[in-house]
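Remarks on the structure that follows.
The values are calculated or read from the model by the stated rules, or taken from the named source; none is laboratory data. Everything numeric in this text was worked out from a predicted model, so none of it was measured. Note: ideal-geometry Cβ built from the backbone for every residue, glycine included; neighbour counts use all protein chains shown.
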Amino acid sequence: MLQVVYRYVDPGPAPGASSAATSGVMRRTRQVGTAPELAVRRALHRRGLRYLVNVAPPGTNRRRRADVVFRGPRIALFVDGCFWHSCPEHGQLPKANREWWRVKLHGVVVRDHDTDAQLTAAGWLVVRVWEHDDPDEVAVRVAALVTSRRPVRPPPA
C-alpha cells in the first residue's frame, strides 16, 4: 500500500495587517457557520437529512473538524472557501505579504490532503465542495451518497 506523507511548512509569525481595513476584514472572517456552509446545511435539511455540525470525525486528529458529518454512513463534508483553500478557479494570493500568504495557503492545502488521508484510512468518505458550488446540487449529490452508504438493517423479528 502506497503511503503519502504530507509535510506542513510553518509560514512563521503572521505579518501585521497591511491596513486597518484589512485587519477589520480578517477579524470578522468566520471559521464556522459561514454563509456557504449555512446554505448547504439548509439544502441538506430540506431533503430530510440530519447531521452533526463542526465535529471531529472519529479516527482523525481531534483538531480537524468537518463542516457536516453523517455518522451512520460515515461521510464527512467540507465546504471549502475559495481563498483559504486555494480554489483553482477563484483562489488568489494577496498582493501584500505575498510570500508569507503563499506558504500559509499551501499549508492549508497540505493539511486538507492529510485530513482526507486520515479520514479515508478510518473508513470515512470525504466530500469536499467549494463555497461557489450550488448548494442544492451539493445536497442532491450528498443525499445520494448518504442513501447508498446507509447500513442495511435486518428486518424486525
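Residue pairs whose Cβ atoms lie under 9 Å apart, separated by 6 or more positions or on different chains, with the first residue in the range 69-80 and closer than 10 Å to Tyr51 by Cα and touching a residue at least 12 places away in the same chain (Cβ under 8 Å) and the second part of a strand (DSSP E or B) and of a type in the set (S, T, N, Q), are Val69/Asn54. Counting the residues of the range 35-72 that are of a type outside the set (A, V, I, L, M, F, W, C), buried (at least 18 other Cβ atoms within 10 Å of the Cβ) and modelled with pLDDT of 95 or more gives 5.
Out of everything in the range 33-70 that is among the aliphatic types (A, V, I, L, M) and outside any helix (DSSP H, G or I), what residue ends up being nearest to Arg141 (Cα to Cα)?
It comes out as Leu49.
In the range 81-89, the count of residues that are closer than 23 Å to Arg64 by Cβ, of a type in the set (Ser, Thr, Tyr) and in contact with a helix residue (DSSP H, G or I) (Cβ under 9 Å, 6 or more places away or on another chain) is one or more. Of all the residues in the range 73-118, those that are surrounded by fewer than 19 Cβ atoms within 10 Å (Cβ to Cβ) and of a type in the set (Ser, Thr, Tyr) number 1. As for the range 96-109, it holds no residue that is assigned to a helix (DSSP H, G or I) and under 29 Å from Arg47 (Cβ atoms).
Matching residues to (1) modelled with pLDDT of 95 or more; (2) of a type in the set (Asp, Glu):
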site	(1), (2)
Ser86	no, no
Trp101	no, no
Leu105	no, no
Val126	yes, no
Glu131	yes, yes
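Condition check: assigned to a helix (DSSP H, G or I), over 12 Å from the mean Cα position of the chain (by Cα), exposed (fewer than 13 other Cβ atoms within 10 Å of the Cβ) and aliphatic (A, V, I, L, M). Does Ala144 satisfy that? Yes, satisfied.
Within the range 77-134, the set of residues being within 21 Å of Thr60 (Cβ to Cβ) and aromatic (Phe, Trp, Tyr) comprises Phe78, Trp84, Trp124.
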